[in-house]
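Each remark here refers to the structure printed beneath this line.
Just so you know, all these numbers are worked out from the coordinates, no wet-lab data involved. Here the structure is a predicted model, which means the values were calculated and not measured. Cβ: placed from backbone, ideal geometry, glycine included. Neighbour counts: every protein chain shown.
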Amino acid sequence: MIDVAEYQNFINRKTHYGKDAGFDPIWMPDWLFDFQESLVTWALRKGRAAIFADCGLGKTPMQLVIAQNFYLKTQKPTLILTPLAVSHQTVREAEKFGINASRSEAGEIQSSIVITNYERLHFFNPCDFGGVVCDESSILKSFEGTRRQEITAFMRKMPLRLLCTATAAPNDYTELGTSSEALGDMGLIEVLNKFFVNTYNDTGLKAHFGEAPQWRFKGHAEHHFWRWVTSWARAVRNPSDLGFANGPFVLPQLTENYHHIMPAEPSSGYLFTLPASTLREQRDERKRTIGERCEKVASLVNHTGEQAVVWCHLNEEGKALDQLIPDAVEVSGSDSDDKKERAFIDFSEGRSRVLITKPKIGAWGMNWQNCSHITYFPSHSYEQFYQAVRRCWRFGQQSPVRVDVILTEGEKRIFDNLQHKSRQAEEMFAALVAEMNNSLGIKKTDPYTNQMETPSWL
């Protein structure tokens, strides 16, 4: 007769769940909040883990404590990789908490924690470090394939690893696969084959005709997929997700205003403006209405006396906005890294009033609680919009935040797609939190039996 408990143990040994490669905390400061201490302890015991914590929940202090513990365990420095300009911010945080950390640009090691930008990784030798921390790790998919492979290869040589981000794969499950691969768990292709069905019947990352493959969960794989993710990741939108009191972690009021711009003239060959259906039509609409849209932004931010972040996507938009807003500073892709860093730091410290830049340049990692006004041109990227808003609307913001979204009649489908991706993001986070709560014994709503609602801020 088969022993049920013995058989269950046999099955559990065949799964990828619950593998630990870490150690108990060696140093735990008293200035961490209770939920932060819980996350740090869990990540250190895992050894290779991901923390998906919302903006303003203290990922930087948690990263620094984990990095210091990596150093104490291995007696080798820990490398922290950050997006552009965030390295300076991380150094300031380390100084505030009395942690020995320094910024490095060309591979020099002067402290137990070395902080550098992702773009400078090629200056460093993995043999010099005992652990690595990737800040805002979701930005990895923004890099070209060669750069992303370089970062993943570097991490594979580290015994201790940590990924941190606020928005993990809101509508792209392949990103969770690449995160798993970087942590040394299942590889991306193995993840896709194990849990998903490719509608193009192609196990590659690109399907026929150069189109991206469409993945959907296998029959009953969704529950097992999220259970597997929570074996190496923790998702936190607020402390109560971990069973702790929210305390001071309450967001201020967010006001969203949508400004519909009517083009001066319809598209060539039409009597009036129609919703843009194809990507080409959407690009044409965007370029054709640059003047009207930028003038609207200028009318919203000029002469207010308050700081504002103005997000754009096209070079022509940035140039037009720079001319229409006299006291603005534009940060463009052609600027040097040093110039970009100086501009971001000047804005965060109040030395400039209006900042104009693209989400792919400045939407990750910066703390701009000093600003409470944002303008945005919509795009298909939910994550860019989320991160752009969360630079200012984050825990620690003391003022109500206003977001002005400027869109044309022809961009309705873009905004509808953004809302659809928002629902997907909510479903993903709800599933992660539910599985995490199951493992922690916290009773929460079951995401598989309840309908998700779009967040009010979208």
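Name the long-range amide H neighbours of E108: under 5 Å, sequence gap of 5 or more, or other chain; modelled H, no Pro or chain starts.
Amide H to amide H, under 5 Å and 5 or more residues apart or across chains, E108 pairs with nothing.
Sorted from fewest to most neighbouring beta carbons within 10 Å, what does the list W228, W311 look like? Kindly include the intermediate steps, with their values, before the conclusion.
On the way: W228 23, W311 30.
Going from least to most buried by this count: W228, W311.
In what sequence do Y382, Y173, Y71, Y258 fall when counting other Cβ within 10 Å, fewest first? The partial results should precede the final answer.
Working: Y382 22, Y173 19, Y71 25, Y258 11.
Ordered from fewest to most neighbouring Cβ atoms within 10 Å, Y382, Y173, Y71, Y258 come out as Y258, Y173, Y382, Y71.
For Q323 and H220, calculate 0.36 nm times their separation in residues minus their Cα-Cα distance, and state this gained length in nm to one decimal. Before the final figure, lay out the partial values.
Working: separation 103, 0.36 × 103 = 37.08 nm, distance 5.55 nm.
Answer, rounded to one decimal: 31.5 nm.
Among D327, D322, D30, which comes first, then next, by fewest other beta-carbon atoms within 10 Å?
Numbers: D327 10, D322 18, D30 5.
Ranking D327, D322, D30 by Cβ neighbours within 10 Å, fewest first, gives D30, D327, D322.
Would you kindly derive the ³J(HN,Hα) couplings of segment 219-231 from the backbone phi angles with the Karplus curve 6.51 cos²θ - 1.76 cosθ + 1.60 (θ = phi - 60°), listing them in order in whole Hz, with x for Gly and Pro?
x, 10, 8, 4, 4, 5, 4, 5, 4, 5, 4, 6, 6
How many lysine pairs in segment 254-416, separated by 8 or more positions in sequence or lying on different chains, have Cα atoms less than 14 Å apart?
Count of close lysine pairs: 4.
Highest mean first, what order results for 110-118, 247-255 on Cβ atoms within 10 Å?
On the way: 110-118: 20.9, 247-255: 13.4.
In descending order of packing, they fall as 110-118, 247-255.
With θ set to phi - 60°, apply the Karplus curve 6.51 cos²θ - 1.76 cosθ + 1.60 along segment 321-337 and write out the HN-Hα couplings as whole Hz, x wherever there is a Gly or Pro.
My calculation for segment 321-337 gives 5, 4, 6, 7, 10, x, 9, 9, 10, 9, 10, 10, x, 7, 5, 5, 4 Hz in order.
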